[in-house]
Structure formats: C-alpha cells, structure tokens
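Nothing in this text is a laboratory measurement; each read-out follows from the coordinates by a stated rule. Keep in mind it's a predicted model, so treat the numbers as computed, not measured. Virtual Cβ from ideal backbone geometry, glycine too; neighbours counted across all protein chains shown.
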Amino acid sequence: SVVDGVRTFDLTAQSGTSEFLPGVETPTWGFDGPYLGPTLRAERGERVAVRVTNELDEATSVHWHGMHLPPAMDGGPHQPVAPGQTWEPTWEIDQPAATLWYHPHPHGATEEHVYRGLAGLFLLDDDASRAAVLPSEYGVDDVPVVVQDKVFDDAGRLELQHDGGEPGTLGDTVMTNGTVGAYHEVTTERVRLRLLNGSTARTYAFGFADRPFDLVATDGGLLDAPVRLDEVRLAPGERAEIVVALEPGEVTRLRSADPDLGGIAASFAMGGNDAFDVLELRAGEDLAPSPAPSWGRSRHADDGELRAEDAATVRSFELAEREINGERMDMGRVDEVVTVGDTEVWEVRNAHPVPHSFHVHDVQFRILTVDGREPPPQLAGPKDTVYLEPHRTYRLLMRFEDYTDAEVPYMYHCHMLLHEDEGMMGQFLVV
Ligand code: C2O
Ligand code: CU
Ligand code: CU
C-alpha cells in the first residue's frame, strides 16, 4: 500500500509446513506464509519502506539483492533482526526496471535460511519498461520462475549436505515457485519468464529442447536489444528474463540440462551432467496476440553510461578455497574503501578448479572482458552476480554512487551460499 507517498510493505519471517511431496508435511520457513515470500513491486522514483518482523526462534536479516541503497538499509550481516524484533529500512528506488530479489543474509547461516525457504522477488518498473513491447501481465504472461533444488530425507525434511562436497548441497528434486512438477497454462502467443536461480549451490542451463527464446533482461534490467538464445546459464543469485513463443495447443518444457560449468574435469560431481524439468508450459487453443519483444532506449537520461576510460582504480580479487585474496570474512575488518562517485574495474579471478559466483552489493556492473575477450551477449547487460568459470578472469566495471557511510560496509562474496557462510566474503566501505 502507499502511505503518504511511501510504498510500504510488511514482511514477516515465520516457520510452518509445506506439502511439497504428496501427503508429506515438510517443515519450512517463509515470509508471510510457510514457504518463499510475496513478490514486492515498486516504481523508479518511489520511496519504499518495509517492516521486517522476525517470528523465527533465531536472528535473520533481509537483504535486497541487486538494489542500489544505503548500506544501513542493505540487510546484510550487519543488520540482523533478532527474534521478535522488527526492522524498518526505507530507501528511494533509483535504478532501472529489473527483476531483483530478497533473502536473508545472517552471518554464517545464509545457506540454511535461504534453503528453508526465505526468499522472494522484488520487481522494479520504470518508464522504459512500461513503454517496452513485452508480455507484462503478472501471473498471466509475465511469470516468476524461482528455481531451487532440494534434498528430502526419509521423513520429508529438507536436508543440507555438509560432507565437504562441492559446491555445496546439490538437490535431486527441483522446485519452481515452491512446487514440484510446476506447470503454467499459457493464454498468449508469448510468455515472459522471470528466472531466478534461488538455489544455494547449483548452476543451471535453462532452455527448451524444441525452440529458442529471446533473452530480454539480466540481473539489473533490460539488455540493449533482445538476444535469441537456446540456453542461458544461471549461477545461484543470477536472474534472466526470457520471452518464449508458443503455438495454440502446444506443450513445451523449460528445463536445465548438462550445464557447461566451464572446463571442470569432475563437472559431473558438481551437477554438470544433471537434467531437470523446471516448468511445463501448456498453451490453450486460443492464444491472445503477443508481438515480438522490442523497446527503445532502456536507460534513463541520468543513468550515464559506464565507461571503461573513467575507471581510476583497478582492484583485484582472487577466489580460492573459501577465501578472497587469501582472507576469510571477518565482520570487524574492512577489506576495501571506495570513494563515492568513482568508476572502478574489479578484476575477479577464480583461481580454483570448482565453480564460484561473484556478487557485489549496491551496484550493477558491466562485464568488460572474460579472459581478455568480449563477454557473450548474455553477459553483456547489467549484472550484479556472475558465474566464474574455473581459472578465468572477469573484468567488471562499476560505479559507486550516492551513498556513503564511514562505518557500515557493503559485501561482496561468492553466491554459492555454503562458500559465503564459510568465509568467501569481504566488506567494502563507500566514503
Ligand atoms: Cu544475494 Cu550478499 O547476496
Ligand atoms: Cu546482494
Ligand atoms: Cu564459491
């Protein structure tokens, strides 16, 4: 609701049970319900205020993944919400339309909190997204697709596997929006799917066996133009918006098959040869017309282009084992200090033979190069999280704007959540 011009939301973290498997009650956590949370939505230029209440027995937090906002509102490990307490962040939406999400970020326990079900989408709209030719009726032809893999034990409880396996728990059951065997009844010639890899460890390659699709947006918003693809790889935390066309009466399946994890010898042990159906699309006999996606300029006049020649600083980050630059996360240590307004290049290297993903709070970055070469089109748009193939170096261009705080840091980390919890995270101040 909107109160005095401020868009307000209430979110309550709570425990409950969910029937994922027929006749089995699985203990789960959710926001405002037993599993996952409501899709929040706001406009560029709006002020939002959220009342986050914690009804769990332990502290949690709620981080606004992909959002440009002050560090004290970010919901990271420095903004815990104790049991029974309410936290009330507020900020102004000042970034392009995008599919963002929210999830807990408590120090050392993020994997468990997300795995039990605490996550939701946060959609942003702006003039460009409203003017774009894109399917946009939420739940009808604009459909959230939150993908998570799970392991159930014999009693139907969600199980995390901490047996030293990489890259963390790989589930044998895939759920979409909290449903095993999900389907959607299609009533239009095209559907837009807002894909979120909400898994804790697994990387997917989403596509259809029988048709290509148009990639229209990545983590931080619309691409310059749609890109026709057969599959899009998403690591934990990454998003993509795709538009797919169906004929009357057709049935097709969004799936993930044999993700290319990037030259890993034992990639089968990391999910590199797994295949899952994610969402069945069932088209009706009468489909409403739906034109091919198109839009003009997706950028706002005051967004300014990110230009590599403006980068005054290059910082290097090397990821290996559970460390970044040889250090594990320390809540009391500031790793980097950035000057507000600066454009920087972050050169991120996966120096380890297993998958990692790299996420930076507060900004959307552009990938300049992957091992010195131009990135593929699916990595050319606005991003806040990127899958790091083993032994490759990614140059990321970003600018830190508006918000300074001499005490409260933002985070950067691996978004494989076991890795994050075990210390693959660092902190930066913007001053
Ligand atoms: Cu999606 Cu620091 O997190
Ligand atoms: Cu984040
Ligand atoms: Cu990692």
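Taking the DSSP beta bridges with both ends in the chain, the antiparallel portion is around 70 percent. Once R0 is set to 30 Å, what does the formula 1/(1 + (r/R0)^6) return for the Cβ-Cβ distance between Q85 and V340, expressed as a FRET efficiency to the nearest 0.05? Plugging the Cβ-Cβ distance into 1/(1 + (r/R0)^6) gives 0.45. The spacing between region 391-420 and region 322-380, judged by their C-alpha centroids, is 6 Å. Using C-alpha pairs under 8 Å with a sequence gap of at least 6, the mean separation divided by the residue count of the chain gives a relative contact order of 15 percent. P38 sits among other residues whose Cβ lies under 11 Å from its own Cβ, and their net charge, with Lys and Arg +1 and Asp and Glu -1, is -1. Taking the Cα centre of the chain as origin and assigning +1 to Lys and Arg Cβ atoms and -1 to Asp and Glu Cβ atoms, the resulting dipole is close to 520 debye. Each residue, D224 and S136, gets one label point 7 Å from its Cα in the Cβ direction; the gap between the two is 2.3 nm. Of the peptides 88-101, 232-245, the order by per-residue mean of other Cβ atoms within 10 Å, starting with the highest, comes out as 232-245, 88-101. In the Gaussian network model of the chain, springs joining C-alpha atoms below 10 Å, which of R333, R399, R228 carries the largest mean-square fluctuation? Top of the fluctuation ranking is R333.
Between V251, V146, V186, the Gaussian network model of the chain with springs among Cα atoms under 10 angstrom shows the greatest mean-square fluctuation at V251. Taken along the Cα-to-beta-carbon direction at a fixed 7 Å, the label points for V24 and T173 span 0.4 nm. Which is farthest toward the positive dipole end of the chain among V430, P376, V140, measuring Cα position about the Cα centre, with Cβ charges +1 (Lys, Arg) and -1 (Asp, Glu)? It is P376. Near L234, once Lys and Arg are set to +1 and Asp and Glu to -1 for all other residues with Cβ below 12 Å from its Cβ, the sum equals +1. Annotation: region 142-288 has a Kirkwood hydrodynamic radius of 16.0 angstrom, from the mean reciprocal C-alpha pair distance. Measuring between their Cα centroids, region 34-88 and region 172-186 lie 26 Å from each other. Within the shell of other residues whose beta carbon sits under 11 angstrom from the beta carbon of T17, the net charge comes to -1, with Lys and Arg scored +1 and Asp and Glu -1.
With springs only between Cα atoms under 10 Å apart, run a GNM on the chain and tell me which of E280, E344, E420 wobbles the most. Answer for the Gaussian network model of the chain: E280. Within region 142-288, antiparallel bridges make up roughly 75 percent of the DSSP beta bridges whose residues both belong there.
Computed over the chain, the per-residue total of -39500 (n - 2.57) for DSSP H runs of n ≥ 4 gives a 222 nm mean residue ellipticity of -1000 deg cm²/dmol, rounded to 500.
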